[in-house]
Amino acid sequence: MQKNKTLQALLAVAAVAAMFSAVGVQAQTAVSQTPSQTGTSSVGKQNTSGKTTREGTIDNSNSTGMENRVKQTNGMGSSGMAGHSAASPSMGASGAGQSAAGTGAKLSASDEKILKDMAMADMAEVEGGKLAQSKSQNGDVKSFAQQMIDDHTSNLNDVKALAQARGVTLPTEPDAKHKAMAAKLEKMSGDAFDKAYMKQAGVQDHKAVHAKLMAAAKKAKDPELKALVEKTEPVVAQHLKSAEQMPMAKSGTTSGK
């Protein structure tokens, strides 16, 4: 009986010791885990907080801010530098356009001669038409003369405009040949004047001018000059045809041979 009590007492002490041992282990585990967890949590929070703060600061001042500044800089580059770059050719083209509108490309010596010859022919026909208007009594001759004044004045204005654009100085009066013809016609009157005028100014001059225009259409290099020549040629051809159909031109040509 005594042995049983002693054994029970030992078992009770062992149980209590085991209990305290378990509690101690749990307490130690709790103590060892709590600071670690707390520390980790704290450090984590601090790190996270610090990282957030630092990275936030970096993001705001360096990353985001820098990105914004880069975007702004790039924006200025595209709208500013690229804008100026795009504007410069435009301004250059505008300047070139103004230059072309002013003096433009110079004509070659051959093209310049074509333009001057056209001006000379126009002036001669206008002066001859005015003379016929004042001296002739024939309705058909006066009508033809008025057409010469109108058509060749219009064409002369086109020639002058192109000459100004290309910096070409045109003659201001007919050449010696046409001055001599005008002086000869000035002394005539009546049918003699009509025949001489239609033969010389109507037929001969228009034949010569038409032949020059046909050749000029092939030789002209300047696009605008070429276009003007091609515009003038059919008008002169029509003048020649009208002159050749006039009765006094035919008789005058026959008697002149």
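The values are calculated or read from the model by the stated rules, or taken from the named source; none is laboratory data. Just so we're clear, the structure is a prediction, and the values are computed from it rather than from any experiment. Neighbour counts are summed over all protein chains in view; Cβ atoms, including those assigned to glycine, are modelled from backbone coordinates with ideal geometry.
Here are the numbers for this structure:
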read-out	value
For Ala180: the one exception among (1) more than 20 Å from Met248 (Cα to Cα); (2) within 48 Å of the chain's Cα centre (by Cα)	(2)
All helices (runs of 4 or more DSSP H) inside region 147-257 with 1 or more residues being under 21 Å from Asp117 (Cβ atoms)	176-186, 205-219, 223-245
Enumeration of residues in region 133-144 that are more than 18 Å from Lys241 (Cβ to Cβ) and among the small types (Gly, Ala, Ser)	Ser134, Ser136, Gly139
Residue among Asp191, Asp150, Asp175, Asp158 that is without any contact (Cβ under 8 Å) to a residue 24 or more places away in the chain, in the same structural domain as Ala124 (by TED's automatic domain parsing) and acidic (Asp, Glu)	Asp150
Region 142-177 - residue that is more than 16 Å from Leu107 (Cα to Cα) and of a type in the set (S, T, N, Q) and, of those, farthest from the chain's Cα centre (by Cα)	Ser143
Yes/no for Asp140 being part of a helix (DSSP H, G or I), charged (D, E, K, R) and crowded, with 18+ Cβ neighbours inside 10 Å	no
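Quick grid of which residues meet (1) among the aromatic types (Phe, Trp, Tyr); (2) surrounded by 14 or more Cβ atoms within 10 Å (Cβ to Cβ); (3) out of contact with any Phe, Trp or Tyr (no Cβ under 6 Å at 6 or more places or on another chain); (4) within 18 Å of Glu127 (Cβ to Cβ):
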{"position": "Thr169", "(1), (2), (3), (4)": "no, no, yes, no"}
{"position": "Glu173", "(1), (2), (3), (4)": "no, no, yes, yes"}
{"position": "Ala176", "(1), (2), (3), (4)": "no, no, yes, yes"}
{"position": "Lys179", "(1), (2), (3), (4)": "no, no, yes, yes"}
{"position": "Met198", "(1), (2), (3), (4)": "no, yes, yes, yes"}
{"position": "Ala211", "(1), (2), (3), (4)": "no, no, yes, no"}
{"position": "Asp222", "(1), (2), (3), (4)": "no, yes, yes, no"}
{"position": "Lys226", "(1), (2), (3), (4)": "no, yes, yes, no"}
{"position": "Glu230", "(1), (2), (3), (4)": "no, no, yes, no"}
